[in-house]
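Novice: The structure is given below, and queries will be raised subsequently.
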Amino acid sequence: MSIPGNLERINDRIRAATEKAGRDAESVRLVAVSKTRPAADVITAYKAGQAIFGENYIQELVPKLAKVQEPVQWHIIGHLQSNKVKYIAGQVAMIHSVDRLSLAQEIDRQWSRIGTICDILIQVNISGEATKSGTTETEALQLIRECARLPNIRVKGLMTMPPFFDNPEAARPYFSELKKLSETIASHHITGVDMAELSMGMSGDFEAAIQEGATLVRVGTAIFGDR
Ligand SMILES: *Cc1c(COP(=O)(O)O)cnc(C)c1O
């Protein structure tokens, strides 16, 4: 199995799932999750047409930023400590894992130093599992209202990690719950917040996520192999 071949298969499956859901092919973007994979794999995938790469760990991303000269788009998808934000300011296009105001404030502060805006998603812990990061459903609206006041971040939507990783049908209720929450938040018409993006679905369940409205699917092992 090669990275270009895997990418082609995943893109075919994304296209089929969007079609089945009656959605535009362009309404879903693939985030290739390259955590633990070498920079060479990122470059191989980029040359095969992949534009967006997701990383979890800042200490792993920083050396990759130096090694990958190609104009890829980096997204942070994992739990982020506020004291690490300064290392990635201006270098990542989106942070999917914002789950607290203090982190949003630090992203705002670091991006204001370089005078640009960072797109963020609010991570919601739909399942309520103690081990998962994310704000609660009830706190999400208040957190978004507070983020909307910060000039150097822009809230673009929501992200979630469901509790099941291989049974797509078991994950589906969590995806539809995130979609519902996103519609509720959108109905409040908060200035500067458009709720355009829903980041949900991984290697085992991205098709179910697309049926439930995902706009960003985060796929790692199905592209790069087992970690
Ligand atoms: C690792 C990871 C993924 C990718 O998972 P795969 O099962 O390898 O596709 C997606 N999202 C997050 C937040 C991750 O940490």
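Novice: Taking into account only those residues within the stretch 206-218 that are crowded, with 23+ Cβ neighbours inside 10 Å and among the β-branched types (Val, Ile, Thr), which is nearest to residue 97 (Cα to Cα)?
Specialist: Of everything passing the filter in the stretch 206-218, 217 is nearest to residue 97 (Cα to Cα).
Novice: In this structure, is residue 120 assigned to a loop (DSSP other than H, G, I, E, B) and crowded, with 21+ Cβ neighbours inside 10 Å? Can you show your working first?
Specialist: On the way: assigned to a loop (DSSP other than H, G, I, E, B): no; crowded, with 21+ Cβ neighbours inside 10 Å: yes.
Considered against the rule, which asks whether it is assigned to a loop (DSSP other than H, G, I, E, B) and crowded, with 21+ Cβ neighbours inside 10 Å, residue 120 comes out as no.
Novice: Give the residues of the stretch 42-82 that are outside any strand (DSSP E or B), under 25 Å from residue 105 (Cα atoms) and among the hydrophobic types (A, V, I, L, M, F, W, C), sorted by residue number.
Specialist: Correct list: 58, 61, 62, 65, 77, 80.
Novice: Restricting to the stretch 183-205, give me the number of residues that are buried (at least 24 other Cβ atoms within 10 Å of the Cβ) and either away from the ligand (no atom under 13 Å from the Cβ) or of a type outside the set (Ser, Thr, Tyr) (or both).
Specialist: 4
Novice: I'd like the residue in the stretch 1-41 that is part of a loop (DSSP other than H, G, I, E, B) and among the hydroxyl-bearing types (Ser, Thr, Tyr) and, out of all such residues, is nearest to the chain's Cα centre (by Cα).
Specialist: So the residue we want is 34.
Novice: Where residues in the stretch 206-222 are under 13 Å from residue 31 (Cα atoms) and assigned to a loop (DSSP other than H, G, I, E, B), which of them is farthest from the ligand (Cβ to nearest atom)?
Specialist: My answer is 215.
Novice: Taking the stated definitions as given, is residue 180 away from the ligand (no atom under 16 Å from the Cβ) and over 30 Å from residue 115 (Cβ atoms)?
Specialist: yes
Novice: How many residues does the stretch 116-153 contain that are of a type outside the set (A, V, I, L, M, F, W, C) and either under 21 Å from residue 75 (Cβ atoms) or under 16 Å from the mean Cα position of the chain (by Cα) (or both)? Working first, answer last.
Specialist: So the first thing to find is which residues in the stretch 116-153 are of a type outside the set (A, V, I, L, M, F, W, C), and the list is 116, 119, 123, 125, 127-129, 131-139, 142, 145-146, 149, 151-152.
Right, trim to either under 21 Å from residue 75 (Cβ atoms) or under 16 Å from the mean Cα position of the chain (by Cα) (or both) and you get 116, 119, 123, 125, 132-135, 152.
Selection size over the stretch 116-153: 9.
Novice: Collect the residues in the stretch 200-212 that are in contact with a helix residue (DSSP H, G or I) (Cβ under 6 Å, 6 or more places away or on another chain) and in contact (Cβ under 8 Å) with a residue 60 or more places away in the chain, keeping them in residue-number order.
Specialist: 207, 210, listed by residue number.
Novice: Right, here's the next one. For the stretch 128-146, which positions are away from the ligand (no atom under 16 Å from the Cβ) and out of contact with any strand residue (DSSP E or B) (no Cβ under 8 Å at 6 or more places or on another chain)? Walk me through how you get there before you give the answer.
Specialist: As a first pass, look at the stretch 128-146 and keep what is away from the ligand (no atom under 16 Å from the Cβ): 128, 130, 136-146.
Hits for the stretch 128-146 are 128, 130, 138, 139, 141, 142, 145, 146.
Novice: Okay, moving on. Considering only residues of the stretch 149-173 that are surrounded by 19 or more Cβ atoms within 10 Å (Cβ to Cβ) and modelled with pLDDT under 95, which is farthest from residue 127 (Cα to Cα)?
Specialist: Applying the filter and picking the extreme gives 168.
Novice: Additional query: Only one of these is in contact with a strand residue (DSSP E or B) (Cβ under 7 Å, 6 or more places away or on another chain) and not in a helix (DSSP H, G or I): 154, 149. Name it. Give the steps one after another, and end with the answer.
Specialist: Numbers: 149 fails: in contact with a strand residue (DSSP E or B) (Cβ under 7 Å, 6 or more places away or on another chain).
So the residue among 154, 149 that is in contact with a strand residue (DSSP E or B) (Cβ under 7 Å, 6 or more places away or on another chain) and not in a helix (DSSP H, G or I) is 154.
The values are calculated or read from the model by the stated rules, or taken from the named source; none is laboratory data. Nothing here was measured: the structure is a model prediction, and the numbers come from that model. So basically every Cβ, Gly included, is an ideal-geometry build from the backbone, and we count neighbours across all protein chains shown.
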